[in-house]
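**Q** Right, I'll just put the structure down here and ask away after.
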Amino acid sequence: MAEWRMTLIQTLNSSPLRELSDSFLRSIPGLPPILQTIHLLGVAVLLGSIVMLSLRILGVAAKSQSPAEMSARVFPWFFYALPVMLFSALPFFLARPQRYLVNPVFGIKAIAFVAGLCLSIWMWQQCRQIADKGVTLTLKLTAAVVIFVWVLTTLAGRWIAYADYIFWPG
Ligand code: HEM
């Protein structure tokens, strides 16, 4: 296993955050599924907002609104969903970092998440200048890729728990 990963796992496991997160998850009966439900609601808001805007840019949905109008309406929801996603999942990550840092599916999720975030923010910036530039082919291609990477992030999120069926079957 890569050296940096071992060091990160050891650092996180010896930090007070691990104990704190573990006892927090055990503090209230049913808290873990409640947090996962909040995480899933965050997925619904994040996907709902960014996929609708991407479909508008692709000219498939909500044609009554301009991409600039739609972007101004949906991006606040996109941005509000991010901290909800982070804080509803962080206790799981900090309580058992080895479960995630050696899990290839979590790695795929992290890469898709960062790509999704960068492309979505670029798309938002472009939508604010759309009056001058119009909907360019690059923006349309980006909108299609944005849908793909956020769906991949979601699938990987769910499949984290099933990595051993995918990578180490039998
Ligand atoms: C903000 C950063 C995020 C972190 C740190 C994070 C981390 C996690 C963790 C630790 C789990 C629990 C996995 C398990 O133990 O089975 C999880 C589940 C999940 N994540 Fe995320 N996640 C983040 C953002 C996202 C985003 C942006 C999406 C989708 C757009 C997403 C979709 C999911 C899904 C679908 C699950 C499975 C939930 C379930 O079925 O109970 N996550 N995530």
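The values are calculated or read from the model by the stated rules, or taken from the named source; none is laboratory data. Keep in mind that this is a model prediction, so the values were computed, not measured. Neighbour counts run over all protein chains shown; Cβ positions are idealised from the backbone, glycine included. These area figures cover heavy atoms from the full protein model, side chains too; ligands, DNA and RNA do not enter into them. Shrake-Rupley method; radii C 1.70, N 1.55, O 1.52, S 1.80 Å.
**Q** So which residues in the range 111-143 are of a type in the set (A, V, I, L, M, F, W, C), open to solvent by 50 Å² or more (accessible area, probe 1.4 Å) and more than 11 Å from the ligand (Cβ to nearest atom)?
**A** 111, 118, 119, 121, 122, 124, 131, 135, 137, 141, listed by residue number.
**Q** Next question. What are the residues in the range 11-38 that are farther than 14 Å from residue 95 by Cα, touching a residue at least 40 places away in the same chain (Cβ under 8 Å) and open to solvent by less than 80 Å² (accessible area, probe 1.4 Å), if any?
**A** Passing the criteria: only 38.
**Q** Does residue 81 satisfy the criteria of being more than 8 Å from the ligand (Cβ to nearest atom), within 16 Å of the chain's Cα centre (by Cα) and without any contact (Cβ under 8 Å) to a residue 60 or more places away in the chain?
**A** So residue 81 fails the test.
**Q** Take residue 152 and tell me if it is out of contact with any strand residue (DSSP E or B) (no Cβ under 7 Å at 6 or more places or on another chain) and either open to solvent by 40 Å² or more (accessible area, probe 1.4 Å) or near the ligand (Cβ under 10 Å from one of its atoms) (or both).
**A** yes
**Q** Considering every residue within the range 99-118, establish whether at least one is farther than 19 Å from residue 56 by Cα, assigned to a loop (DSSP other than H, G, I, E, B) and aliphatic (A, V, I, L, M).
**A** Yes, that holds for at least one residue.
**Q** Continuing with this model, one more query. Name every residue in the range 46-74 that is without any contact (Cβ under 8 Å) to a residue 40 or more places away in the chain, buried (at least 18 other Cβ atoms within 10 Å of the Cβ) and among the β-branched types (Val, Ile, Thr), in order of residue number.
**A** Answer for the range 46-74, where residues must be without any contact (Cβ under 8 Å) to a residue 40 or more places away in the chain, buried (at least 18 other Cβ atoms within 10 Å of the Cβ) and among the β-branched types (Val, Ile, Thr): just 74.
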